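The values are calculated or read from the model by the stated rules, or taken from the named source; none is laboratory data. Predicted model only: the values in this text are computed from it and were never measured. A quick note on method: Cβ atoms are made from the backbone with ideal geometry, for glycine too, and the neighbour counts reach across all protein chains shown.
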Amino acid sequence: MASGQHWHVSVTVAKGARPGRRGVLTSGVHGDEMSSVHTVQTVMSQLDPAQMSGTVMAVTDVSRPALESMQRRWPNQGRGIDLIDMNREWPGNENGVTAPGRHAGLLFDRLLRPNADFAIDFHTGTTGFDVTAFTIAGMDVPEIRAMAELYPVGQIFDNHVYPGVLHNAFVDAGIPAFTPEIGPARVLNLEMISLFVEGTMNVLKLHGILAGPLGRTGKDVGVFIGNSALPILATQGGLVEHLVKLNDKVVAGQKVAIQRNSFGEVVAEYTSSVAGEVTGQRSDAMTEPGNPLAFILFHKATPDGGETYPE
């Protein structure tokens, strides 16, 4: 910090009575993602080290200064106030030019990477934007596919998405990792949280850390897998009325939202240019031009790399 004080993170370790694989669970990379924190806390509370083979380590508040004000980005003070998205900083640099970059480097080099045989980085939608229960995973990596398919959620985004996200830093280091997304920001969605707790327990069983039969998986709920996410962006300012809901199937050319100005006049209508499923929607009722109103998860024959997605 500018005062010379340090930011600390909360680390919980469940060390099994027998040797085995090491899993790392992280949350709080964005400071407004409460359901991700609660999911990891719930998983850890259900572990009994006497019945485990291996170790599970959890870090529930990766971006502490962002969590203190329950906002998405780290408030950096380098050249006046600057809000930095910590999920573009990984693997970080211990000697970098920003506090969050150094924080990321210290955590990744000294805590996360050395203790992980696999990793799961939990997120939610961002403030003002709601998402479904889904996972982001590079399904071309067999070890990642095996884990992602164990979650009883309706959608998987099969894409490696942006450089600099935490799960990609793990993958680049040879550690299979992916990102669950657990509904809206700033709230606890207990119904969705239970799905991701069940899926995470399945992953721990897959790796032999826990014993017992698997719970429900993606196969049981008919998971939809898409490799692209179409952003539908606002072209006007005004009130937004959605005509579809999260998880709805849409067809190409279908109208998904309308927008009204301050006089109540319809100033824009928005359609999907692809067939797929709604995976994210703006939850704030008003928007400026350029903001995403919705994301449509769909399958593209030749997907682009590094696409926009509703993290």
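Below, the figures for the structure above:
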read-out	value
In the stretch 62-114, the residues that are free of Cβ contacts under 8 Å to residues at least 24 places away in the same chain and more than 19 Å from His167 (Cα to Cα)	Pro75, Gly78, Arg79, Gly80, Ile81, Asp82, Leu83, Asn95, Gly96, Val97, Thr98
Selected residue (criterion: farthest from Gly128 (Cα to Cα)) from residues of the stretch 260-306 that are assigned to a loop (DSSP other than H, G, I, E, B) and among the polar types (S, T, N, Q)	Thr302
Number of the exception - Gly138 against (1) surrounded by 23 or more Cβ atoms within 10 Å (Cβ to Cβ); (2) touching a helix residue (DSSP H, G or I) at 6+ places or on another chain (Cβ under 6 Å); (3) over 20 Å from Gly215 (Cα atoms)	(1)
Output for the stretch 227-265, where each listed residue is touching a Lys or Arg at 6+ places or on another chain (Cβ under 6 Å) and either on the phi > 0 side of the Ramachandran plot or exposed (fewer than 13 other Cβ atoms within 10 Å of the Cβ) (or both)	Gly238
Sole exception among (1) modelled with pLDDT under 95; (2) buried (at least 19 other Cβ atoms within 10 Å of the Cβ); (3) over 20 Å from Thr279 (Cβ atoms) for Ala169, by number	(1)
Flag if Gly54 is over 17 Å from the mean Cα position of the chain (by Cα) and free of Cβ contacts under 8 Å to residues at least 40 places away in the same chain	no
Odd one out for Pro114 among (1) under 18 Å from the mean Cα position of the chain (by Cα); (2) modelled with pLDDT of 95 or more	(1)
The stretch 9-30, subset without any contact (Cβ under 8 Å) to a residue 40 or more places away in the chain and not in a strand (DSSP E or B), residue surrounded by the fewest Cβ atoms within 10 Å (Cβ to Cβ)	Ala17
Matching entry among Glu143, Glu149, Glu181 (being assigned by TED's automatic domain parsing to the domain that holds Ser36, surrounded by 24 or more Cβ atoms within 10 Å (Cβ to Cβ) and modelled with pLDDT of 95 or more)	Glu181
